[in-house]
Amino acid sequence: MTIKNNPKRLGVCLTISFGIWLVSCTLAGKETGPSGLFSVPEGFPEPVYNLAVNPVTEDGFQLGKKLFFDGRLSRDGTISCGECHNQAHSFTHHGHGFSHGIDGKEGFRNAQPIVNVAWQNSFFWDGGVFNLDLFAIAPIENPVEMDEKFPNVIEKLKKSEDYPKLFKKAFGTEEVTSERFLKALSQYMLSLVSANSRYDQYLAGKARLTETEMKGLALFKEKGCNTCHSGILFTDHSFRSNGLAAEYTGDLGRFRITENESDKNKFKVPTLRNIEVTYPYMHDGRFRNLEGVLEHYADGVQEVDNLDPALKKNPKPGIALTKEQQGQIIAFLKTLTDTEFLNNKRFSKF
Amino acid sequence: MSKSMKFQVLLCCSVFLFCGFSRYEKPKNTEGTVILKFNNLFNKEALDFEKAYTNAHGEKVKFTLLNYFISNIKLTKEDGSTYAVPQDSSYFLVKQSDPASKEITLNHIPSGKYSALTFTIGVDSLRNTMGIGSRTGALDVGATAKGMYWVWNSGYIFFKLEGTSPAAPEKQKNVFNYHIGGFGGYRSKTMNNIKTRTLAFKPVVVSNRKGPVIDINVEIDHFFDQVNPIKIAEKSSVMWGEFSTKISENYVSIFNLGNVSSK
């Protein structure tokens, strides 16, 4: 059978061909970025998130931001995402070891920063969620966080005065669907890109680091911190054990997801961007400051099951560091603070 | 003409030709309809949330919830060839609390004589890894699929059975719950409890907008004893972990053929 006697197929072919032509034109011409308002900072790799299926638009971003700061996403209207993810602290729960949610209930882990999530291939300390778009349902339904049923949230928004209009602006019609809701939240979170710390400026040749900071940077590499906290994102996104004593909370990390013995005690290697302001540290927030963290690496690493080989190079587990060297590394870590990001009005509630 | 433009033209022409010639139009078929009816039973009678039952281990039980996904439905013809219901319209959530959900109507089934039905209890791995845009209808986590999705460990719950029993711990308010899922993992291997069932029957004719009604009896009494003993007293709450695989072995085997009648 040929195309001639099948006008429907002809139409389909023409449409597909035209579509491909359009796409190839934009790719060749770079007229509009296929990712919308999202752009990859100098020196960053290609994002993991597929922006082609959810390009960031101004209206999508604004809708996502409103959702992020809206308590209506919780059962009793009191807890928004922003409650636990505070911009000034790189979107972590300032000062809380375990995050506090609805009715003041305490969760079992330390809130993670939301920064550069476009490059992340898994979410949560144990990597239980593998797609950013599927993430927001988790805190919404968590009984100690927002304690609401996701379908109820969608219903509430459908009935609200303000949201249908905003969904229309962002997605073309007033229909409130889970897909649109999640994509809008993703658009906001994807926009939280931190790439303008003093360290970045130093890399770009626009700023200088002090002698101490330079020594810290050198040690960070020499001593192998960058085996795990690697590259421009300061994480290789793997799951590893850095030798935290497990009995602290009994949290076995990645094992919870895979039930594989070799995953016991492993947690996602966190980014170190804005680390100065994301205290307390580690999945359970056991260290109040960076001094505590460095002491851990120098002196506190335990031979737990699956302790990472990178921390077993010396007779004594951990990383040999004098007090002075620890201070230098801390000085370097503080160059990863991106004040522009932490104060960017575009990201904040009001 | 710039180099890249030449490339574009070439690309479009080849795609155009490819779409045009690579697939032949199906010969115009008369089509029929197949209806699948899921009957949740206990001791051969319709399951009733109001009634108290006793399982094979002598444990008294009352049920409060029974939901399961049926997906990837395939029909096999007498000659061994198969027809798979198109993926995008092959996901169904059967809920005991929603009678309409227990009857699945499959339209556009090509005419022929069919002698077997295959379906997955749960949601296949691929769909479990797809983006939010491919999770509509029965799979919409913000609507129909309420409570049938694990948020902390992304994945659908395939089979969910809840109820009360004096055999369940008092501190748990005598509630038992079995939430079984596990699609095998995305970036690393995790539990895979995807189970597929094939039911064979005497050939039935599908043609001319007609076809059979296939009753599938889901024998909840045998959920507790079909393959592995599941004693509420020993395991009253199972959501993940090795034992969930044993449960999936049980529930796949309780989907049995009932009546097959022609319309």
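The values are calculated or read from the model by the stated rules, or taken from the named source; none is laboratory data. Remember, it's a predicted structure, so these values are computed and weren't measured experimentally. Note that each Cβ is placed from the backbone with ideal geometry, even for glycine, and that neighbours are counted across all protein chains shown. SASA here: full protein model, heavy atoms, side chains in, ligands and nucleic acids out. Shrake-Rupley method; radii C 1.70, N 1.55, O 1.52, S 1.80 Å.
Neighbouring Cβ atoms from other chains, within 10 Å of the Cβ of residues in B:128-136, number 5 on average.
Applied to the range A:115-131, the Karplus parametrisation 6.51 cos²θ - 1.76 cosθ + 1.60 on θ = phi - 60° returns per-residue 3J(HN,Hα) values of 8, 6, 5, 4, 9, 8, 9, 7, 10, 5, 4, 9, x, x, 10, 10, 9 Hz, with x for Gly and Pro.
By its C-alpha gyration tensor, with a ≥ b ≥ c as the square roots of the eigenvalues, how is the range A:233-350 shaped: rounded for a/c under 1.5, else prolate for a/b larger than b/c, else oblate? Oblate is the answer for the range A:233-350, as a/c is 1.5 or above yet b/c matches or exceeds a/b. For B:G155, the residues 5 or more places off, or on other chains, whose built amide H falls under 5 Å of its own are B:W150. Take the Cβ atoms of A:A310 and B:S89, set R0 to 45 Å, and the FRET efficiency comes out at 0.35.
Each of A:S39, A:N289, A:L185 was placed along the dipole of chain A (beta-carbon charges, centred on the mean Cα), and the one lying farthest toward the positive end is A:S39. Put B:W240, B:W152 in order of accessible area, highest first, and with a 1.4 Å probe you get B:W152, B:W240. Surface composition of the protein assembly as shown: carbon plus sulfur atoms hold 54% of the accessible area, using a 1.4 angstrom probe and ignoring ligands, DNA and RNA. Taking the Cα centre of the protein assembly as shown as reference, the dipole from Cβ charges on Lys and Arg (+1) and Asp and Glu (-1) amounts to some 1860 debye.
Per-residue shielding of B:144-154, expressed as the average number of other chain Cβ atoms within 10 Å of the residue Cβ, stands at 6.
Cross-link partners for A:K313 among the lysines, with Cα-Cα distance under 23 Å and sequence neighbours closer than 8 places in the same chain left out: A:K215, A:K221, A:K223, A:K264, A:K266, A:K268, A:K323.
Here the range B:32-59 and the range B:167-212 have alpha carbon centers that stand 15 Å from each other.
For the chain pair A and B, the buried solvent-accessible surface (1.4 Å probe, both sides summed) amounts to about 3400 Å².
A 1.4 Å probe, protein heavy atoms only, puts the accessible area of A:E58 near 80 Å². Peptides B:79-88, B:177-186, A:206-215 ranked from most to least packed give B:177-186, A:206-215, B:79-88, packing being the mean of other C-beta atoms within 10 angstrom over each peptide's residues. Listed by chain and number, the aspartates and glutamates whose alpha-carbon sits under 15 Å from that of A:K345, ignoring those within fewer than 8 places in the same chain, are A:E58. Computed about the Cα centre, the dipole magnitude for the range A:198-339 is approximately 380 debye when only Lys and Arg (+1) and Asp and Glu (-1) carry charge, each at its Cβ.
Sorting B:161-168, B:100-107 by their mean Cβ neighbour count within 10 Å, with the most densely packed peptide first, gives B:161-168, B:100-107. How large is the direction-averaged shadow of the alpha-carbon convex hull of the range B:28-262, in nm²? In nm², the orientation-averaged hull projection of the range B:28-262 is 13.6. In units of the rule-of-thumb radius 2.2 N^0.38 Å, the protein assembly as shown shows an alpha carbon radius of gyration of 1.11. Remark on B:I216: its backbone amide H falls under 5 Å from those of B:K37, B:F38, B:N39, B:G258, a criterion applied only to residues 5 or more positions apart or on other chains, H modelled at 1.01 Å from N. Once C-alpha pairs closer than 8 Å and six or more residues apart are averaged by separation and normalised to the residue number of chain B, the relative contact order reads 24 percent.
Compute the helix-to-body angle for B:3-22: its Cα long axis versus the longest principal axis of chain B, expressed 0 to 90° and rounded to tens. The angle comes out at about 70 degrees. Along the axis of the charge dipole computed for the range A:41-81 (Cβ charges of +1 for Lys and Arg, -1 for Asp and Glu, origin at the Cα centre), the listed residues A:N50, A:G60, A:S74 are led at the positive end by A:S74. The phi torsions of the range B:35-48, fed into the Karplus equation with coefficients 6.51, -1.76 and 1.60 and a -60° offset, translate into couplings of 10, 9, 10, 9, 9, 7, 10, 9, 6, 6, 10, 4, 5, 9 Hz, rounded to whole numbers, with Gly and Pro shown as x. Rounded to the nearest 20 debye, the dipole size of chain B about its Cα centre is 820 debye, using +1 on the Cβ of Lys and Arg and -1 on the Cβ of Asp and Glu.
Among A:K149, A:K159, A:K266, the largest mean-square fluctuation in a Gaussian network model of chain A (Cα springs under 10 Å) belongs to A:K159. Of B:S154, B:I220, B:Q87, which is farthest on the positive side of the dipole of chain B, counting Cα position, with +1 on Lys and Arg Cβ, -1 on Asp and Glu Cβ, and the Cα centre as origin? Among B:S154, B:I220, B:Q87, the one farthest towards the positive end of the dipole of chain B is B:Q87. Peptide packing for A:44-57, B:59-72 was compared via the average number of neighbouring C-beta atoms within 10 Å per residue; ordered from the highest value, the list is B:59-72, A:44-57. For chain A, the relative contact order is 18 percent, taking Cα pairs closer than 8 Å that sit 6 or more residues apart in sequence and dividing their mean separation by the residue count.
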